[in-house]
Amino acid sequence: MIGTGIVAAAMIDMIGTGTAHAGRKSFVRRHAVIIEVIGWIIAGCWTFTILYTVRDGAWRIYDPFAQLSGMLLYASFFHKPFRLIGRVILIMLIKPVWFIFRAIVSLINRLLLLIIWMLKLLSRPFVSIFRKFHGKLFKSKRK
């Protein structure tokens with residue numbers, strides 16, 4: 001149960017850090033409380049799943065104290081190593097993947113804009129001819 005307290009505290013710390021570093025007008029910052037409550041619910045459900053798996057759902061009176069001591073252990077000892085590992089994962093894995101994704105989306109966007117520009121350029125003579133004859137074909141012949 002101490003281990004579940006450490007993991008739960010790390011998850012809540014990750015959520016808090018992510019919401020703190022989000023932009024001021026971002027979705028994450030505006031809904032930080034809801035996201036943190038959902039994180040606490042997920043941590044609680046995960047803890048009880050572990051409890052059910054390991055001890056067949058038997059809850060003992062020292063389990064909340066063990067989990068609380070795990071959270072305090074995270075705050076006192078494991079906080080900096082977990083943050084370091086998180087930064088390494090962010091720099092080595094998430095940022096390159098995000099850069100590649102954005103590059104692909106940007107390339108597709110530029111190609112679509114180029115195709116639209118070419119279609120406009122090719123249709124320009126036909127549009128001018130249509131506009132020239134459009135006025136003559138649909139005029140009312142009132143006197």
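The values are calculated or read from the model by the stated rules, or taken from the named source; none is laboratory data. Just so it is clear, the structure is predicted and the values come from calculations on it, not from any experiment. When we count neighbours, we look across all protein chains shown, and the Cβ atoms used for this are built from the backbone with ideal geometry, even at glycine. Just so you know, the surface numbers come from the protein's heavy atoms only, side chains and all, with ligands and any DNA or RNA stripped out. Shrake-Rupley method; radii C 1.70, N 1.55, O 1.52, S 1.80 Å.
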Give Gly23, Gly57, Gly86 a once-over and let me know the one that is in a helix (DSSP H, G or I) and not β-branched (Val, Ile, Thr).
-> Gly86
Name the residues in segment 40-69 that are closer than 13 Å to Ile12 by Cβ and of a type in the set (Ser, Thr, Tyr), would you?
-> Thr47
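Residue-wise test of (1) in contact with a Leu (Cβ under 9 Å, 6 or more places away or on another chain); (2) of a type in the set (D, E, K, R); (3) part of a helix (DSSP H, G or I); (4) within 23 Å of Phe82 (Cα to Cα).
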residue	(1), (2), (3), (4)
Val37	no, no, yes, yes
Ile41	no, no, yes, yes
Thr53	no, no, yes, no
Ile61	no, no, no, no
Ala66	no, no, yes, yes
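Quick grid of which residues meet (1) without any contact (Cβ under 8 Å) to a residue 40 or more places away in the chain; (2) of a type in the set (Phe, Trp, Tyr):
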| position | (1), (2) |
| --- | --- |
| Thr4 | no, no |
| Gly16 | yes, no |
| His21 | yes, no |
| Val28 | yes, no |
| Thr49 | yes, no |
| Leu73 | no, no |
| Leu84 | yes, no |
| Phe99 | yes, yes |
Of the residues in segment 74-127, those that are closer than 30 Å to Gly3 by Cα and of a type outside the set (Lys, Arg) number 18
Selection count where residues are within 18 Å of Arg83 (Cα to Cα) and surrounded by 15 or more Cβ atoms within 10 Å (Cβ to Cβ), scope segment 19-35 | 2
Note down all Cβ pairs under 8 Å where the first residue falls in segment 54-67 and is touching a residue at least 24 places away in the same chain (Cβ under 8 Å), the second is small (Gly, Ala, Ser) and outside any loop (DSSP other than H, G, I, E, B), and they're at least six residues apart or on different chains.
-> Ala66/Gly5; Gln67/Gly5; Gln67/Ala8
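Matching residues to (1) at pLDDT below 80; (2) surrounded by 10 or more Cβ atoms within 10 Å (Cβ to Cβ):
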| position | (1), (2) |
| --- | --- |
| Lys95 | no, yes |
| Trp98 | no, yes |
| Val105 | no, yes |
| Ile115 | no, yes |
| Leu119 | no, yes |
| Pro125 | no, no |
| Arg142 | yes, no |
Those residues that are open to solvent by 100 Å² or more (accessible area, probe 1.4 Å) and modelled with pLDDT under 90, I need them from segment 54-84; list them, please.
-> Val54, Asp56, Trp59, Ile61, Tyr62
